Amino acid sequence: MSALLEVRHVSRSFRTTLAVDDASFEVQPGELLGLIGPNGAGKSTLFNLVAGVIAPSSGQILFDGKPIQGWKSHDIARVGVARTFQIPKPYRQLSVIENVMLSAFLREKSIAGARRLAEATLADVGLDAYGGSPASSLTVGLLKRLEVARALAMRPKLVLFDEIMAGLTPTEVGAMTKFVAGLPARGITVIWVEHVLYAIMKTATRMVVVNRGKKIAEGTPTELARHPEVVKAYLGEEMDLA
Amino acid sequence: MSAETIPSLSPRRMAWFPTRGRISWFEIALLLIACALVVSGMASSLQDVLLLSFLFGGLALAWNIAGGYAGLISFGHSAFFGVGAYASTILSTRYGITPWIGIWIGALIAAMFGAVLALICARLRGPFFILSTLAFAEVVRIGALNWSSLTGGAEGLSIMPAPSLIGMVFASKAAYAALMLFYLVAVFAITKGLEASRFGYYLFAIRDNEDAAGAAGVNPLLGRTAALALSAALTGIGGSLFAQYFLYLDPTYVISPELSFQFALLPAVGGLGTAIGPVLGSFLITPLSELLRSYLGSSAVGLHLVIYSFGLIVVMLYFPAGLAGALDKLTRRGRPR
């Protein structure tokens, strides 16, 4: 089976800072890959590189076997990569359903068709009661769900979730975790960046850990919980108390 | 928070008041009043005001496609206006091509100017974009002033007034009023069509959040370029009509910051990003500025501008969403939101 996404020796520097340093990893179709790391590890930069917001300084990114590094974000969206924004970016002057319709237009060219797809997607994420509300009236938790709805209405092959749990209540986290866990079975491959570790450890089929721009470990959640490099990155050096 | 009903989900019945993407009784009523005014045989000076209100209503709607829907606030639209005016006038006076054809050629050239502006300013946003549009219009004006073999330079161009249908020169002001009303209705219809189209939604998305639009597969540069080209083309048509009415143009008359501001002001007063807003704005401001100018223009030079500006400040303070916003608020009162 060939990988859906391949990141090969990708680096990106901002002036003198190397935000991503020679990162390589693969995502197989149907995987739910967790991408974790401490603050400033380069997770968001990695995300933006795959989504086409920024271009890599060097390296290759292959989607479905085709090189996509350096493509514009709208071209990457069209081949089947959707993403959410860590800080929600709704179209504030539009209603919730219109926000989702704009993503649905990628698959449904008619207004009526896009509206139907948007309605179905809103029901899917539990936002169906808010379809007519202005997007500007939503709370943070609902905005996060709107981000997810917009990404899924594009009927993507690969979806990149960027901290969709931040700011949610524990109940909401539980519901969202369950929802995300069900996506691979529907043919949607997921890369998920999250700070709420217990949620991602429970659901991810595999995890990649980055720190200071480098990939430091890769494996199943249970493997990684005992990985010395990972523990060090999150908790610091083990202190010698003797 | 309760769920709202989406107006456009129940498309069977026609709405009473302006609704995005749909025609309402309010707009039909306005059109009937406008038609009645055209054929009413009012005094000539009032007909002047009427037809200018129509013309500027159409121009405000054209500006609003870029400024209101795509978020491309331009203070340089008089460049497109001038290009349209010059194109049809040069074609008719030099080459004997009827303005009925020249208008479309002018619209095409204006669209190209609009596309060029969008591409030049591709990376500019907010105030930087606004300033560059202002500069762009100045470049076009100075160009027209200096390319006198084509434009007649500062001396300007005159259209010899020999009334004929083929020359688009009319003896009766009612005929001009009908022409300008037709222009207004056409741009209004295009705006309504835009509101209900996928392209229109793309513009809303680009305006509200460009990053999110890109992530949804919308090409922001393409959208902005198309919006500005369409807006410029429609503005160019307005310029041609203006030239056919005044029968004279020179660069500083048809390409000026004052004119550009006027195009932006009418939608701002009436309601940005709505179809009815620019029309209401023009019906309020155009007569007001014409009346103030004719009553105060000679006795106290500049006083009409003071009163005019004061009125604008009041509108901006108390109706930030424009007249259309105020109307919307008024008619929604008591209705479930």
Filter segment A:153-179 down to the residues that are farther than 22 Å from A:LYS202 by Cα and open to solvent by less than 50 Å² (accessible area, probe 1.4 Å), then identify the one that is nearest to the other protein chains (Cβ to nearest Cβ).
-> A:MET154
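Quick check: is even one residue across segment A:7-24 touching a strand residue (DSSP E or B) at 6+ places or on another chain (Cβ under 7 Å), part of a loop (DSSP other than H, G, I, E, B), in contact (Cβ under 8 Å) with a residue 40 or more places away in the chain and open to solvent by 10 Å² or more (accessible area, probe 1.4 Å)? I'd like the intermediate steps shown before the answer.
Restricting attention to segment A:7-24, the residues satisfying the condition of being touching a strand residue (DSSP E or B) at 6+ places or on another chain (Cβ under 7 Å) are A:7-13, A:18-24.
Checking which are part of a loop (DSSP other than H, G, I, E, B) leaves us with none.
Checked segment A:7-24: no residue is touching a strand residue (DSSP E or B) at 6+ places or on another chain (Cβ under 7 Å), part of a loop (DSSP other than H, G, I, E, B), in contact (Cβ under 8 Å) with a residue 40 or more places away in the chain and open to solvent by 10 Å² or more (accessible area, probe 1.4 Å).
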What are the pairs, 6+ residues apart or on separate chains, where a residue within segment A:45-62 that is over 10 Å from A:ARG8 (Cβ atoms) has its Cβ under 6 Å from a residue that is acidic (Asp, Glu) and not in a helix (DSSP H, G or I)?
-> A:PHE47/A:ASP162
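Can you tell me which residues in segment B:181-196 are assigned to a helix (DSSP H, G or I) and either within 30 Å of B:VAL140 (Cα to Cα) or facing chain A (nearest Cβ under 10 Å) (or both)?
Residues of segment B:181-196 that are assigned to a helix (DSSP H, G or I), as a first pass: B:181-195.
Those that are assigned to a helix (DSSP H, G or I) and either within 30 Å of B:VAL140 (Cα to Cα) or facing chain A (nearest Cβ under 10 Å) (or both): B:LEU181, B:PHE182, B:TYR183, B:LEU184, B:VAL185, B:ALA186, B:VAL187, B:PHE188, B:ALA189, B:ILE190, B:THR191, B:LEU194.
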Contacts under 8 angstrom Cβ, first residue in segment B:13-32 being among the β-branched types (Val, Ile, Thr), partner assigned to a helix (DSSP H, G or I) and open to solvent by less than 40 Å² (accessible area, probe 1.4 Å), 6 or more apart = B:ILE23/B:LYS192
Does at least one position in segment A:127-141 carry a residue that is open to solvent by 10 Å² or more (accessible area, probe 1.4 Å) and either closer than 24 Å to B:LEU221 by Cβ or touching a Gly at 6+ places or on another chain (Cβ under 6 Å) (or both)?
-> yes
Over segment A:72-114, the set of residues more than 8 Å from chain B (Cβ to nearest Cβ), over 19 Å from the mean Cα position of the chain (by Cα) and not small (Gly, Ala, Ser) is A:VAL96, A:ARG107, A:GLU108
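Looking at A:ILE87, is it in contact with a strand residue (DSSP E or B) (Cβ under 6 Å, 6 or more places away or on another chain) and β-branched (Val, Ile, Thr)?
On the way: in contact with a strand residue (DSSP E or B) (Cβ under 6 Å, 6 or more places away or on another chain): no; β-branched (Val, Ile, Thr): yes.
No: the conditions fail for A:ILE87.
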Can you name every residue in segment B:202-232 that is away from chain A (no Cβ under 14 Å) and in contact with a Gly (Cβ under 7 Å, 6 or more places away or on another chain)?
-> B:LEU228, B:ALA229, B:SER231, B:ALA232
Of the numbered conditions (1) touching a Ser or Thr at 6+ places or on another chain (Cβ under 7 Å); (2) free of Cβ contacts under 8 Å to residues at least 40 places away in the same chain; (3) among the hydrophobic types (A, V, I, L, M, F, W, C), B:ALA118 satisfies every one except a single condition; which is it?
-> (2)
Any idea which residue in segment B:180-196 is farthest from B:PHE81 (Cα to Cα), counting only those that are of a type outside the set (Phe, Trp, Tyr) and free of Cβ contacts under 8 Å to residues at least 40 places away in the same chain?
-> B:GLY193
Is it the case that some residue within segment A:101-111 is of a type outside the set (D, E, K, R), open to solvent by 10 Å² or more (accessible area, probe 1.4 Å), within 21 Å of A:LEU183 (Cβ to Cβ) and touching a residue at least 24 places away in the same chain (Cβ under 8 Å)?
-> yes
Residues within segment B:88-102 that are open to solvent by 10 Å² or more (accessible area, probe 1.4 Å) and either modelled with pLDDT of 95 or more or not hydroxyl-bearing (Ser, Thr, Tyr) (or both), tallied | 7
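From the list A:ILE36, A:ILE61, which residue is open to solvent by less than 10 Å² (accessible area, probe 1.4 Å), in the same structural domain as A:VAL193 (by TED's automatic domain parsing) and under 24 Å from A:LYS202 (Cβ atoms)? Give the steps one after another, and end with the answer.
Working: A:ILE61 fails: under 24 Å from A:LYS202 (Cβ atoms).
Result of the check over A:ILE36, A:ILE61: A:ILE36.
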Can you name the number of the only condition in (1) crowded, with 18+ Cβ neighbours inside 10 Å; (2) among the β-branched types (Val, Ile, Thr); (3) more than 25 Å from A:ILE200 (Cβ to Cβ) that A:VAL79 fails?
-> (1)
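Going through segment B:20-47 one residue at a time, which ones are small (Gly, Ala, Ser) and open to solvent by 70 Å² or more (accessible area, probe 1.4 Å)? Please lay out each step first, then the result.
Let us first name the residues in segment B:20-47 that are small (Gly, Ala, Ser), namely B:21, B:24, B:29, B:34, B:36, B:40-41, B:43-45.
Of everything in segment B:20-47, just one residue is small (Gly, Ala, Ser) and open to solvent by 70 Å² or more (accessible area, probe 1.4 Å), namely B:SER45.
Residues checked against (1) farther than 19 Å from B:ALA62 by Cα; (2) of a type in the set (Phe, Trp, Tyr); (3) over 14 Å from the mean Cα position of the chain (by Cα); (4) open to solvent by less than 10 Å² (accessible area, probe 1.4 Å):
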position: B:GLY193; (1), (2), (3), (4): no, no, yes, no
position: B:ASN209; (1), (2), (3), (4): yes, no, yes, no
position: B:ALA215; (1), (2), (3), (4): yes, no, yes, no
position: B:ALA227; (1), (2), (3), (4): no, no, no, yes
position: B:THR235; (1), (2), (3), (4): no, no, no, yes
position: B:LEU247; (1), (2), (3), (4): yes, no, yes, no
position: B:THR252; (1), (2), (3), (4): yes, no, yes, no
Which one of B:PHE263, B:PHE242, B:PHE199 is within 30 Å of A:ALA149 (Cα to Cα), in contact (Cβ under 8 Å) with a residue 12 or more places away in the chain and either within 14 Å of chain A (Cβ to nearest Cβ) or part of a helix (DSSP H, G or I) (or both)?
-> B:PHE199
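The values are calculated or read from the model by the stated rules, or taken from the named source; none is laboratory data. Quick caveat: nothing in here was measured; it's all calculated off a predicted structure. Using ideal geometry, Cβ is built from the backbone for each residue, glycine included, and neighbour counts are taken over all protein chains shown. These accessible areas exclude ligands, DNA and RNA; they are computed on the full protein's heavy atoms, side chains included. Shrake-Rupley method; radii C 1.70, N 1.55, O 1.52, S 1.80 Å.
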